[in-house]
1. Could you run the Debye sum over the Cα atoms of the range A:164-268, one equal point scatterer each and no solvent, and tell me log10 of I(q)/I(0) at q = 0.24 Å⁻¹, two decimals?
2. Lysines within cross-link reach of residue B:76: Cα-Cα under 26 Å, excluding same-chain residues under 8 positions apart?
3. Averaged across orientations, what area in nm² does the convex hull of the alpha carbons in the range A:29-168 project?
4. Computed over the Cα atoms of the range B:26-93, what is the ratio Rg over Rh, Rh following Kirkwood?
5. By count of other Cβ within 10 Å, fewest leading, how are B:121, A:207 ordered?
6. Neighbour counts of other C-beta atoms within 10 Å: give me A:59, A:31 arranged from fewest to most.
7. Calculate log10 I(q)/I(0) of chain B for q = 0.09, 0.14, 0.20 Å⁻¹, where I(q) comes from the Debye formula with a single equal point scatterer on each Cα and nothing for solvent.
8. What does the average come to when, for each residue of peptide B:37-50, you count the partner chain Cβ atoms lying within 10 Å of its Cβ?
Amino acid sequence: MAERPQGLHRVGDRLVLTVCILLSIWMMTWDESDRVRRGAAWLHAVVTPIEWTNRFVEDLLELERENERLRARVAALELDLAHLERGRLRLEELETRAGFYERTRGRLAPGEVLELVVSRIPVQAKIKTFGADSLEVWMPVITENGLAGRVRQVLDRDLALVQLLTEEDSRISVRVARTNVTGLLRHDGRRFFVDHVPQGDPVRVGDAVVTSGLGGTVPEGLAVGRVTRVRSSPSELFQEIEVESAVRFSALRRVYVVTRSGPWYAGFEGTVSSVPDSQRAAPRDTSAGARR
Amino acid sequence: MTGMRLMVAVAITLVAQLAFVPRISIAGITPDFVVLLVVLVALRAGPSGGAALGFLVGLLQGMLAPETLGLDALAKTLVGWAVGKLSSSLAIEGPAFYFGLVAMSVLAHDLVYLVGLTQLDVARFLGLFVTHSIPAAVYTGLVSLLIGMIARAVTGGVLNRTAEVRRG
């Protein structure tokens, strides 16, 4: 490449010098307030991208650490899942050998609450379902947080009145998941209790309470709530067990009716997104065999 | 010096001037690393490069103390240009030369800066120049010697390479 002529070099040097000097003097002619304002604005413009870059790099590093943690967690959960799957297969095998039949889970029909009947607290709900299944009396009604009630009266094939667990007449057979102690769930207008649990039966605070399936109308294993208080007295025949439900009865909007045929979600998989995966069970062929 | 290396050098120098230099002050006198950088770059890049870098770092320093925005840029532009110009016409080398060059650059810079800052208030100008600028020029010159020795020991010499460029 040819070198620039010396004269051109000198002109370039002087041009740069002149421009820099003129710019400097131009800035010095500003009022002090202008200098402060513009100086602060320029500094902000210079520093902000550096701060962004710094924050971006920090976020990236944090993301990498978080990713590593999640990978480790996923690996642990995969192991747990494999272990549980082996357990489930073993259980099914044992049940089959013992002569038990496939447990019918029922099928969920999504619906929405049209009205709530309130007597201090909501005790009944009028619901409308979407789907081909016809409603029948005593079909369980659940939410993503657990059992909410049962169909009390069918008004139409997709319209029904639901008796919520909070109605004082409602009685549902439940069991403590950890120990299989069974009792009857009732609501006294303020709190849930599990009645008819003899003194000495193992129940403790924090135990999960699920449906027992003994009543014949509600499938076994639906979540009801957790034990919040246990009172044992030698002078009493039964323990007083208080339970808290995770269902927010005053905010019931979307519900699911457990119809009597098929596995969960058969027929409308993918159309209901608000139900957590924990409630999704693998579809099973329930055509063979009767209920336990 | 590539653009990226120059930017890194500017950033490190500004940070050092703000954060490190106050720690090595002697009786309130601090070395001026920014002028030192302008001198080093002007020796390599010539008058236009020195003036442009002087303007740039002066502007950045002015943003940090915007009351004197423009004054820093003007002083460092002139120093950068003058050192760049001088580098192509002088054939002297050695530590004493660099000490003198850096010290004179600091004095020239402060001369311009203080004239603008004091607005030709002679008493104030002389007071600041004698009590601050001259000691700071000596201090900066000594620091430049120290840095030169360290650089020579570590990499073969920044100042030597600068001299080679000048000879070339």
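Readers should treat all values here as calculations from the given coordinates under stated rules, not as data from a laboratory. Quick caveat, the model's predicted, so the values are computed rather than measured. Glycine also receives a Cβ, built like all others from the backbone with ideal geometry; neighbour counts cover every protein chain displayed.
1. Results for the range A:164-268 at q = 0.24 Å⁻¹ read -1.39.
2. Correct list for residue B:76: B:85.
3. Over every viewing direction, the Cα hull of the range A:29-168 projects on average to 19.9 nm².
4. When Rh is taken as the Kirkwood radius, the ratio is 1.05.
5. Ranked by crowding around the Cβ, least crowded first: B:121, A:207.
6. If I rank by nearby Cβ atoms, fewest first, I get A:31, A:59.
7. -0.28, -0.69, -1.47
8. Average neighbour count from other chains, rounded to a whole number: 2.
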